[in-house]
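Some notes on the structure that comes next.
The values are calculated or read from the model by the stated rules, or taken from the named source; none is laboratory data. No experiment lies behind these values; they were computed from the predicted model shown. No Cβ is skipped: glycine too gets one built from the backbone with ideal geometry, and neighbour counts run over all protein chains shown. We work out accessible area using only protein heavy atoms, side chains counted, and drop any ligands, DNA or RNA first. Shrake-Rupley method; radii C 1.70, N 1.55, O 1.52, S 1.80 Å.
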Amino acid sequence: MTVRLAIFDCDGTLVDGQAAVCEAMEEAFADVSEEAPPRTDIRRIVGLSLPQAVRHLAPRTSAAMQDAIVDAYKLSFRNSRMEGRLHEPLFEGIEQVLRDLHADGWALAVATGKSDRGLTSCLTEHGVIDLFSSLQTADRHPSKPHPDMLHQAMTDTLAEPANSVMIGDTSFDIMAGQAAHIRSIGVSWGYHLPQELIDAGAQCVVDTAPEIVQQLAAMMETVS
């Protein structure tokens with residue numbers, strides 16, 4: 001039986017974590033007495049694993065300082081979650097898309113720069129974690145655009161590249177799809193511009209969640 005696999009990014013694709021990421025990063029820089037980068041720069045690195053993101057944001061600081069920023073970010077995010085301040089809502093229509101795909105027999109996976117704890121907490125809070133067959137995070141893999149997360153998702157679900165699709169909002173997601181030799185769908189409501197996603201290799205960019213289902217169906221028709 002052919003396995004159809006949809007691999008989703010999390011931040012900027014499934015959930016709107018923009019404010020949470022920016023606030024945690026600003027607190028992290030403040031904790032180590034460094035000036036925080038502007039939010040426009042912070043938003044650009046969403047999708048990378050945390051250490052790589054910090055290296056992009058603070059390239060002139062020492063490795064020890066970068067490590068300190070990473071630790072401070074993790075602590076800030078953890079405190080926000082424990083204190084009930086963390087707000088990462090699902091984007092409009094996403095829950096229905098996930099449920100419709102699952103009901104139609106698609107295997108679902110996530111490939112994200114989040115930690116295992118952060119991803120599990122987020123998906124559990126929204127009541128959708130049981131819809132996913134594979135959860136791949138930066139705790140166990142190189143940062144996107146390295147394709148390792150996508151390869152593992154395909155291994156977990158026994159899906160072939162021809163029947164697998166990456167869905168994401170950043171060029172890192174799309175380039176990971178390219179590196180894994182699978183097709184990609186970009187979403188316009190995240191952190192990178194639609195043209196950047198096309199330039200990175202996305203087959204299309206959708207403006208609404210229901211369009212994901214339509215584009216996935218069209219892609220599978222071309223395979224068969």
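Points worth noting:
- Verdict on residue 175 being closer than 29 Å to residue 41 by Cβ and assigned to a strand (DSSP E or B): no
- Residue in the range 64-83 that is assigned to a loop (DSSP other than H, G, I, E, B) and touching a helix residue (DSSP H, G or I) at 6+ places or on another chain (Cβ under 6 Å) present: no
Listed here are the residues, each with its yes/no results for (1) buried (at least 21 other Cβ atoms within 10 Å of the Cβ); (2) aliphatic (A, V, I, L, M); (3) not in a helix (DSSP H, G or I).
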position	(1), (2), (3)
13	yes, no, yes
22	no, no, no
26	no, no, no
37	no, no, yes
41	no, no, no
55	no, no, no
59	no, no, yes
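- Verdict on residue 109 being touching a Lys or Arg at 6+ places or on another chain (Cβ under 8 Å), buried (at least 21 other Cβ atoms within 10 Å of the Cβ), among the small types (Gly, Ala, Ser) and not in a helix (DSSP H, G or I): no
- Verdict on residue 95 being in a helix (DSSP H, G or I), within 16 Å of residue 13 (Cβ to Cβ) and either over 17 Å from the mean Cα position of the chain (by Cα) or in contact (Cβ under 8 Å) with a residue 24 or more places away in the chain (or both): yes
- Only one entry in 192, 181 is outside any strand (DSSP E or B) and either under 15 Å from the mean Cα position of the chain (by Cα) or crowded, with 17+ Cβ neighbours inside 10 Å (or both), namely 192.
- Of all residues in the range 128-165, those being aliphatic (A, V, I, L, M), open to solvent by 20 Å² or more (accessible area, probe 1.4 Å) and either modelled with pLDDT under 95 or not in a helix (DSSP H, G or I) (or both) number 3.
- When the range 53-97 is filtered for residues that are aliphatic (A, V, I, L, M) and over 17 Å from residue 23 (Cα atoms), the ones remaining, listed by number, are 63, 64, 65, 90, 94, 97.
- For residue 206, the criteria (1) open to solvent by 20 Å² or more (accessible area, probe 1.4 Å); (2) in contact with a strand residue (DSSP E or B) (Cβ under 9 Å, 6 or more places away or on another chain); (3) of a type in the set (A, V, I, L, M, F, W, C); (4) free of Cβ contacts under 8 Å to residues at least 24 places away in the same chain hold in every case but one, which is (1).
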